[in-house]
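Undergrad: One structure is given below, represented as structure tokens, and several questions about it will come after.
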Amino acid sequence: MNLGEVIAALQAKANELPTGMDTRVEVCMCNGSDVQLTSEIVVDHMAELATDGELLDLFAIVQGHPHRDENARTLRGAAEDADEQLRNWTAEED
């Protein structure tokens, strides 16, 4: 995803919500079983360099800082075990 696509997606979401561009934003990171949410957000950039200092990649980042957010929280989905159960039910027997 590039910056233009992120901006377009945020604009489209703002257009769907009653408070539009004034809607609060949180960063949500999913690890497959739960999600961590924080409103402590920094938009910045990072560079990936080779050991000789050559620039390999340059990209924008949206970084969440739950350690600085007293309201950060981790949520577990109601169906968090569904994927594992489905894998178990459909696993081929050896």
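No lab work stands behind these numbers, since they all come straight from the coordinates. Please read these numbers as outputs of a predicted model, since none were measured by experiment. Note: ideal-geometry Cβ built from the backbone for every residue, glycine included; neighbour counts use all protein chains shown.
Undergrad: Taking 4 °C and 1.567 mPa s as the conditions, I'd like the Stokes-Einstein D for the stretch 24-77 in µm²/s, using the Kirkwood hydrodynamic radius from alpha carbon pairs. It would help to have the intermediate numbers written out before the result.
TA: Values: Rh = 12.9 Å.
Translational diffusion coefficient: 100 µm²/s.
Undergrad: Now for a separate question. Calculate the dipole size of the chain relative to its Cα centre from +1 charges on Lys and Arg beta carbons and -1 charges on Asp and Glu beta carbons; express the result in debye to the nearest 20. Please report the intermediate quantities before stating the final value.
TA: Working: 6 positive and 20 negative charges, 123 e Å.
Charge dipole of the chain: 580 debye, to the nearest 20.
Undergrad: Also: With each run of n ≥ 4 DSSP H residues scored as -39500 (n - 2.57), what mean residue ellipticity at 222 nm is computed for the chain after dividing by its residue count and rounding to the nearest 500 deg cm²/dmol? Could the numbers behind the result be given before it?
TA: Values: 2 runs with 23 residues, N = 94.
Computed ellipticity for the chain at 222 nm equals -7500 deg cm²/dmol.
Undergrad: Work out from phi, with θ = phi - 60° and the Karplus expression 6.51 cos²θ - 1.76 cosθ + 1.60, the ³J(HN,Hα) of each residue of the stretch 8-16, listed in order in whole Hz, and give x for Gly and Pro.
TA: Working through the residues one at a time gives 4, 5, 5, 5, 4, 5, 4, 5, 7 Hz.
Undergrad: May I ask for the net charge around Gly64, where only other residues with Cβ less than 9 Å from the Cβ of Gly64 are counted and Lys, Arg are +1 while Asp, Glu are -1?
TA: Numbers: positive: none; negative: Glu26, Glu40, Asp69.
Around Gly64, the charge tally is -3.
Undergrad: Here is a further query. Are there any GluC sites (Glu not before Pro) in the stretch 14-83 that are in a DSSP loop and have at most 11 other Cβ atoms within 10 Å? List them by number. Present the calculation step by step, with values, prior to reporting the outcome.
TA: On the way: sites: Glu16, Glu26, Glu40, Glu48, Glu54, Glu70, Glu80; in loops: Glu26, Glu40, Glu54, Glu70, Glu80.
Loop-located and lightly packed - Glu54, Glu70.
Undergrad: When the distances between all Cα atoms of the chain are binned every 5 Å from zero, what whole-number percent does each bin get?
TA: 2, 10, 12, 14, 16, 15, 11, 9, 7, 3, 0, 0
Undergrad: For a Förster distance of 30 Å, can you work out the FRET efficiency between the beta-carbons of Ala8 and Cys30, rounded to the nearest 0.05?
TA: On the way: r = 22 Å, r/R0 = 0.73.
Plugging the Cβ-Cβ distance into 1/(1 + (r/R0)^6) gives 0.85.
Undergrad: Along the charge dipole of the stretch 24-77, which of Leu37, Val62, Ala50 sits closest to the positive end, that is, farthest toward it, with unit charges on the beta carbon of Lys, Arg, Asp and Glu (+1, +1, -1, -1)?
TA: The residue sitting most towards the positive pole is Leu37.
Undergrad: To the nearest 20 debye, what is the magnitude of the charge dipole of the stretch 24-77 about its Cα centre, counting +1 on the Cβ of each Lys and Arg and -1 on the Cβ of each Asp and Glu?
TA: On the way: 4 positive and 10 negative charges, 89 e Å.
So the dipole magnitude of the stretch 24-77 works out to roughly 420 debye.
Undergrad: Starting with the fewest neighbours, write out Val42, Val35 ranked by other beta-carbon atoms found within 10 Å of each beta-carbon.
TA: Details: Val42 11, Val35 16.
In order of increasing Cβ crowding within 10 Å: Val42, Val35.
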